[in-house]
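A short worksheet on the structure shown next.
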Amino acid sequence: MLTLPGELIKAGIAGIGVYVPERVLTNAQLEEMVDTSHEWISTRCGIHQRHIAAPEQATSDLAVLAADRALENAGLAPEELDLVIVATNTQDMFFPSTACLVQDRIGARKAGAFDLAAGCAGFIYALAVGSQFIRAGSSRYVLVVGAESLSKFVNWEDRKTCVLFGDAAGAVVLGPAREGSGFTSFKLRADGSGGPLLRLPAGGSRLPASRETVENKLHYIQMKGREVFKFAVRVMAEITEEVLAAGGLGKNDLDFFIPHQANTRIINSAARRLELPPERILVNVDRYGNTSTASIPLALEEALRGGRIKEGDNIVLAGFGAGLTWAAALLKW
Ligand code: UT7
């Protein structure tokens, strides 16, 4: 690749890897745990099962396995990484960052590392940040990981949330893109006024951990599902059109749509607004549930492995989540 001094370098995906914990929790098993039914979960959310991390597995353990696979897929040694960004909502602990734990375990000895918190849109935010480092020429290879062990933060007595989430990790290595390919545009958005709709209230400086916070179950995910649903339906198609327009494209140019996997009804509504036929959308929420920051790399890897993405395809990755945040990336494969 020839670049002139001062010329911006486009970032692309040099490698991808995922890890999903072995244990599967089916809707039938959930019926034994809370007052729910396979019928309700599958028709309202499109979820049939989810994977659950083992008791001894923390988020960094999942992230390391996905990262190792992404490096192998890219054909790179860990020392070649300049930066490690982990997008997560379920970090191992407050500090050190999960990214530092991953950096150490994979042997990325020459890399900086930090976590990025932007709800379920975190993976796209992290792609945007990593891409800018490559674009500016200050990094050559950046590892971007989306990893979650949400099962550890779910109230297993709350049927409104416990049926939705799953654990997984997905990682990409960003590097200088092949001529004519790579990330063309990003759109990042936030509306903090919607913060109370989806949160984990205690354990931070606002409500430090106490006997009371534990007794009141304030260390678990709380969500006003219906409100988040309405927000997601409104923003998903909108931001997809915006990121396409920023890249000089319209919705008819979109070859493949990879949405955050939270609910098939949200995905279908976005697809309808974008007039996208089902063969141009990746849906895997049925098998994994909502894996937050891991859901988009998990879906991208599946689409690539299945040969559904071809060279030259225009792909949009779009997500939304706690914050509230929403974001999209336009990628030419
Ligand atoms: O990654 C971003 C994070 N979150 C999301 O993307 C979630 C977005 N929201 C959603 O996907 C949907 O709002 C849910 C799937 C969470 C809920 O679906 P809904 O159609 O919005 O249902 P609802 O919350 O309005 O609840 C309808 C009924 C209620 O009963 P009543 O009050 O009408 O008698 C709930 O109590 O369904 C009941 N319900 C359940 N029933 C059986 C709620 N959860 C369950 C359940 N099983 N698991």
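Just a few scattered comments:
- In percent, rounded to a whole number, the relative contact order of the range 183-332 is 37, using alpha-carbon pairs under 8 Å and six or more apart.
- P(r) weight above 26 Å for the range 62-188, C-alpha pairs, percent: 22
- Here the calculated FRET efficiency for residue 226 and residue 311, from their Cβ-Cβ distance with R0 = 41 Å, stands at 0.50, rounded to the nearest 0.05.
- Net lengthening on full extension, residue 117/residue 255 (0.36 nm per residue, minus Cα-Cα): 46.8 nm
- Each 10 Å bin from zero holds the following percent of Cα-Cα pairs in the range 18-99: 15, 33, 30, 17, 6, 0.
- Percent RCO, i.e. relative contact order, over the chain, from Cα pairs under 8 Å lying at least 6 residues apart: 25
- Note: the range 80-125, Cα convex hull, 68 Å³ per residue.
- Measure of compaction for the range 171-319 (Cα Rg per 2.2 N^0.38 Å): 1.22
- Under-23-angstrom lysine pairs by C-alpha in the chain, whenever the two are 8 or more apart or on separate chains: 18
- Mean separation of Cα contacts under 8 Å (6+ apart) over length of the range 5-179, as relative contact order %: 35
- Legend: calculated FRET efficiency, residue 181 to residue 104, from the Cβ-Cβ distance at R0 = 30 Å, rounded to 0.05, equals 0.40.
- FRET E, pair residue 136, residue 191, Förster distance 30 Å, beta-carbon r, rounded to 0.05: 0.60
- The range 223-243 and the range 91-152 have Cα centres separated by 25 Å.
- For the chain, the calculated P(r), taken from all Cα-Cα distances in 10 Å bins from zero up to the bin holding the longest distance, is 6, 27, 36, 23, 7, 1, 0 percent.
- The candidates 162, 100, arranged from most to least accessible area with a 1.4 Å probe in the full protein assembly, appear as 100, 162.
The values are calculated or read from the model by the stated rules, or taken from the named source; none is laboratory data. Everything numeric in this text was worked out from a predicted model, so none of it was measured. As a convention, Cβ positions derive from the backbone with ideal geometry for all residues, glycine included, and neighbour counts pool all protein chains shown. Remember, those area values only see protein heavy atoms, side chains included, never the ligands or the DNA or RNA. Shrake-Rupley method; radii C 1.70, N 1.55, O 1.52, S 1.80 Å.
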